[in-house]
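Contents: one structure, followed by commentary.
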Amino acid sequence: MKFNKISILAVAGALMLTACDDVNKMDPAGSNISAGQLTDTYGAIPGRVDATFSGMFTMMGEPYGIFGSSRERADDFGFIMAALSQDAEGADYIYPNSDYSWFSTCGEYTSRNPEYANPYIRYAICYNQIKIANDIISSLSAVEDATNQNKVAQARAARAFGYLNLVPYFQFNYQSHQNDPCVPIVTPETVDPATNPRATVQEVYDLIMSDLDAAINVLTSDRSDKTRINSNVAYGLRARANLYMGKWAEAAADAAKAAEGYTPATIEEVSTPAFVDINEHNWIWGFYMSDDMGSDSYATCSSWLSSFSANSYTAGAGCYAMINNLLFNKIPATDVRKGWWVDANLHSPLLNTINWGGVTGDEISTLAIDDVKQPFLPYTNVKFGMKKGIGSVMNANDFPYMRVEEMILIQAEGLAKSGNEAQGRQILENFVKTYRDPSYSSTAGGRTLTDEIWYQRRIELWGEGFFVSDANRLHKPIVRFHDDSTNMPDAFRFNIDPDDPWLLMRFCSSETNANTAIANNTGGSQPKQDQNPGLRDGVTD
């Protein structure tokens, strides 16, 4: 087994981005193929539109989807990579400061360098998604049969998903920055992508909401599988958008719609490593990793998120995804989620439910197999299992884009902030007491209700990509350490003020070269070790 050490790859020039097939090879600034040409192509080869439509979902997490397999970047796996990057830039999700950690750029915040590959992948995956969605919208909108209109509706929701994965990272929150520049809008009507300036936050959200409204008007709960977008997913995306915009009542109402027909995972179901199979009943939407994709690939969520893969950067190179003990220490022992990570002594009750090659219980923590598994580090996650079995070399774990638990927490927050605090508190307590901690009280931690809901989001959704967008919309600092202790590596041990301009992503050089109308984000400087020790976030205080 051979692990490549981290390579900081510069991105220069207008690099062409690969999508699902040769018709859809594009630069993020826009298309070199007209809508008419696409319509002609799809008419000549009817199966091409189906391939493009399927590719819109496949490319969301496929290994080596941006740079191609010849690059062999172990951090090149689409929206899933972006989710892990966004959590690694937060306070609760830690990778070791290792020569093998391809996410160290996020831990140290050198990810603001416009020449680096990490921010380039995160930007490019969104605009590839948007471009494929635009192709489907422009070529099928005039075809009035129900099947094609359903594809258009899914494409519009997918385009909204792409923009929702850009807005919180290129500008500060909606409430205070509606009129500030965000990202360029690219639609089939865009006249000249090479001179397309940044739209305002308001303008981007207007497009997101228009797309989701249109999708909801067409979609039903029916779909072929959970990789596709149905009405539940569209309502869930609109719930997120409303939450980001501070439209609390609307967010709660949409989240309730999204949750219809789904129930959370039970205490028993999350008392063993899980969160790896799209068929888990609490998943509303997710990415399906086929065996072909997961075979002998390091560029997968299995390789970077599961501690139980025998072919991974986690176990094999010791790059375990860990929780910050500032948050871990706040979780009561009665909460089943305390066991989603081993403690300082490498113990978790979840390990008693599995075995690795005949080894079970806490002995898995210290198990060492040359070039396959290193001993766990304190606070290593055991939340994410292996779909193909503990110790499998097949990195075929699926990844959740949307779970019903998230929608319940949005309902609680939306109600609490729209004047229905009692109802919001009841929804929160009912969820946690029934599905996570029978002894739970929403007042026991001494937090405000708003901070308590964020605390619950940080535990429940750990490793799923929500920390930075939550901190942005809530105007919260990123607090990685206190004066006493943290397991954060020294180079990553700093706190960041919520208004620090360094938090804003930079546009990659290939994009600013291709689109001369973009004015890049500026200001701030790379955080320094131990900076801002007095910052507190209301959760880990």
Work out how far the C-alpha atoms of the chain reach from end to end along every principal axis, then list the three figures in whole Å, largest first. 63, 56, 46
Quick one: angle between helix 231-245 and the longest Cα principal axis of the chain, in degrees between 0 and 90, rounded to 10, please. 80
Grab the DSSP H runs of the chain that are 4 residues or longer, score each as -39,500 (n - 2.57), total them, divide by all residues and round the 222 nm result to the nearest 500 deg cm²/dmol. -11500 deg cm²/dmol
Ratio Rg/Rh, restricted to the stretch 286-438 and using Cα atoms, in which Rh is the Kirkwood radius: 1.04
With the alpha-carbon atoms as the only input, what is the per residue convex hull volume for the stretch 86-193 in Å³? 156
How big is the gap, in Å, between the Cα center of the stretch 312-338 and the Cα center of the stretch 68-114? 18
Note down the accessible area of residue 467, probe 1.4 Å, to the nearest 10 Å². 20
Label-point gap, in nm, between residue 526 and residue 5 - each point 7 angstrom along Cα→Cβ: 1.7
Listed residues 297, 485 arranged by accessible area, highest first, probe 1.4 Å: 485, 297
Label residue 434 and residue 347 with points 7 Å out from Cα along Cα→Cβ: what is the distance between them in nm? 3.2
Taking the chain as the reference, fit the longest principal axis to its C-alpha atoms, fit the long axis of helix 46-58 to the helix C-alpha atoms, and give the angle between the two in degrees, 0 to 90, nearest 10. 30
For residue 290 and residue 443 in the same chain, what is the full-extension length gain: residue separation times 0.36 nm, less their Cα-Cα distance, in nm? 50.7 nm
Relative contact order for the chain using alpha-carbon pairs under 8 Å, separation at least 6, rounded to a whole percent? 19
Given a 1.4 Å probe and the protein chains all in place, what does the accessible area of residue 387 round to, in Å² to the nearest 10? 50
Over 31 Å (Cα to Cα) among 151/433; 383/433; 131/330 -> 151/433; 131/330
Quote the accessible area belonging to residue 480 in square angstrom, nearest 10, computed with a 1.4 Å probe and with ligands, DNA and RNA left uncounted. 0
Between residue 371 and residue 175, what length comes free when the chain is fully extended (0.36 nm per residue of separation minus the Cα-Cα distance, one decimal in nm)? 65.6 nm
By how many degrees, between 0 and 90 and to the nearest 10, does the Cα long axis of helix 78-88 differ from the longest principal axis of the chain? 40
Treating cross-link reach as a plain straight distance, find the lysines whose alpha-carbon is under 19 Å from the alpha-carbon of residue 257, omitting any fewer than eight places away in the same chain. 226, 247, 417
Put 483, 371 in order of accessible area, largest first, probe 1.4 Å, and you get 483, 371
Taking the inverse of the average 1/r across all pairs of different Cα atoms in the stretch 136-191, what Kirkwood radius in Å do you get? 13.1
Protein-only accessible surface order, largest first, of 89, 421 at 1.4 Å: 421, 89
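Of the GluC sites (Glu not before Pro) in the stretch 95-161, which ones lie in a loop per DSSP and count no more than 13 other C-beta atoms within 10 Å?
Passing sites in the stretch 95-161 are 144.
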Run the numbers on the stretch 169-228 and let me know its relative contact order in percent, using alpha-carbon pairs under 8 Å that are six or more apart. 29
Rounded to two decimal places and with Rh computed the Kirkwood way over Cα pairs, what is Rg over Rh for the stretch 326-369? 1.02
Mean shadow area of the stretch 46-110, taken as a quarter of the surface of its Cα convex hull (nm²): 5.3
Under a straight-distance cross-link criterion of Cα-Cα below 25 Å, which lysines are reachable from residue 5, leaving out those fewer than 8 residues away in the same chain? 373, 528
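The values are calculated or read from the model by the stated rules, or taken from the named source; none is laboratory data. Source: prediction; values computed, not measured. Methodologically, a virtual Cβ is constructed for each residue, glycine included, from the backbone with ideal geometry; neighbour enumeration extends over all protein chains shown. Just so you know, the surface numbers come from the protein's heavy atoms only, side chains and all, with ligands and any DNA or RNA stripped out. Shrake-Rupley method; radii C 1.70, N 1.55, O 1.52, S 1.80 Å.
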